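S.K.: I have a structure I would like to understand better, so I am pasting it below and will then ask my questions one at a time.
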Amino acid sequence: EMERRLKDQQDYTNAVLQGVQAGVVVIAADTHTIADMNETAARIIGVNREEALGTVCHKYICPAEVGKCPVTDFGQEVDHAVRRLANGKSILKSVVPFKRGQETYLLESFVDITDRVSAEEQLKDAMESVDAASKAKSEFLSRMSHELRTPLNTIVEFSDVLLSDDDLT
């Protein structure tokens with residue numbers, strides 16, 4: 001009965017892990033090796049799941065050098081942080097340390113935001129172009145206003161002179 005319940009629990013946990021639409025990776029904190037990952041993580045990373053298991057996470061997930069892990073070596077918290085994978089994709093990532101027996105693991109969950117980051121960069125570029133065009137328009141209008149004002153003032157003054165000459169004749 002106990003084995004059946006344990007098997008049911010493992011099947012349930014695996015179904016949740018594989019069913020979620022976010023990448024989920026379990027990393028052994030002391031060796032930085034990938035202990036487990038779901039298929040979504042493998043797809044986002046761009047690797048075969050079986051190929052990635054047992055390899056150092058720096059190869060695929062965090063391009064930090066060995067010994068310079070933001071979480072285990074520098075004690076940083078990573079919660080909804082935008083990061084870039086080794087393959088260049090942008091992700092929104094959270095890392096939660098946990099213990100299983102005496103071993104410490106890192107549970108990394110992330111979603112691919114490459115398209116969003118690209119759209120934001122395109123929007124920023126477009127806004128810079130609009131800003132440059134607006135500045136060019138303002139400069140043009142300023143110059144044209146000056147260029148037109150001088151002859152128009154002369155015409156107005158000449159008109160005033162002509163009108164005043166009518167009074168004299």
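S.K.: When you scan segment 1-37, how many residues do you find that are in contact (Cβ under 8 Å) with a residue 12 or more places away in the chain, under 26 Å from ILE113 (Cβ atoms) and hydrophobic (A, V, I, L, M, F, W, C)?
M.R.: Residues flagged as in contact (Cβ under 8 Å) with a residue 12 or more places away in the chain, under 26 Å from ILE113 (Cβ atoms) and hydrophobic (A, V, I, L, M, F, W, C) within segment 1-37 amount to 11.
S.K.: Looking at segment 123-136, is at least one residue surrounded by 10 or more Cβ atoms within 10 Å (Cβ to Cβ), part of a loop (DSSP other than H, G, I, E, B) and either among the aromatic types (Phe, Trp, Tyr) or more than 23 Å from the chain's Cα centre (by Cα) (or both)?
M.R.: There is no residue in segment 123-136 that is surrounded by 10 or more Cβ atoms within 10 Å (Cβ to Cβ), part of a loop (DSSP other than H, G, I, E, B) and either among the aromatic types (Phe, Trp, Tyr) or more than 23 Å from the chain's Cα centre (by Cα) (or both).
S.K.: Then there is this: Could you please give the count of residues in segment 70-109 that are touching a residue at least 24 places away in the same chain (Cβ under 8 Å), among the hydrophobic types (A, V, I, L, M, F, W, C) and within 21 Å of VAL47 (Cα to Cα)?
M.R.: Number of matching residues: 7.
Here is a yes/no grid of residues against (1) open to solvent by 70 Å² or more (accessible area, probe 1.4 Å); (2) in a helix (DSSP H, G or I):
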residue: THR13; (1), (2): yes, yes
residue: VAL16; (1), (2): yes, yes
residue: VAL26; (1), (2): no, no
residue: ALA41; (1), (2): no, yes
residue: GLY54; (1), (2): no, no
residue: ILE61; (1), (2): no, no
residue: GLY88; (1), (2): no, no
residue: VAL96; (1), (2): yes, no
residue: LYS99; (1), (2): yes, no
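S.K.: Hydrophobic (A, V, I, L, M, F, W, C) and under 30 Å from THR31 (Cα atoms), is that true of VAL156?
M.R.: Here the answer is no, as VAL156 does not meet what is asked.
S.K.: What residue, of VAL161, VAL111, VAL71, VAL117, is assigned to a helix (DSSP H, G or I) and touching a strand residue (DSSP E or B) at 6+ places or on another chain (Cβ under 6 Å)?
M.R.: Checking each option against the conditions leaves just VAL117.
S.K.: Which of the residues spanning segment 101-111 are over 18 Å from GLY19 (Cβ atoms), of a type in the set (S, T, N, Q) and surrounded by 13 or more Cβ atoms within 10 Å (Cβ to Cβ)?
M.R.: Once the filter is applied, which keeps residues that are over 18 Å from GLY19 (Cβ atoms), of a type in the set (S, T, N, Q) and surrounded by 13 or more Cβ atoms within 10 Å (Cβ to Cβ), segment 101-111 yields only THR104.
S.K.: A further question on this structure: Filter segment 60-112 for residues that are among the small types (Gly, Ala, Ser) and closer than 21 Å to GLU39 by Cα and give the result.
M.R.: ALA86, GLY88, SER90, SER94, SER109
S.K.: Of the residues that sit in segment 116-159 and are among the polar types (S, T, N, Q) and closer than 30 Å to ARG83 by Cα, which one is modelled with the lowest pLDDT?
M.R.: Step by step, filter segment 116-159, then rank; the result is SER118.
The values are calculated or read from the model by the stated rules, or taken from the named source; none is laboratory data. In this text the structure is predicted, and so the values were computed from the model without any measurement. Neighbour counts run over all protein chains shown; Cβ positions are idealised from the backbone, glycine included. All accessible areas refer to the heavy atoms of the entire protein, side chains included, with ligands and DNA or RNA removed. Shrake-Rupley method; radii C 1.70, N 1.55, O 1.52, S 1.80 Å.
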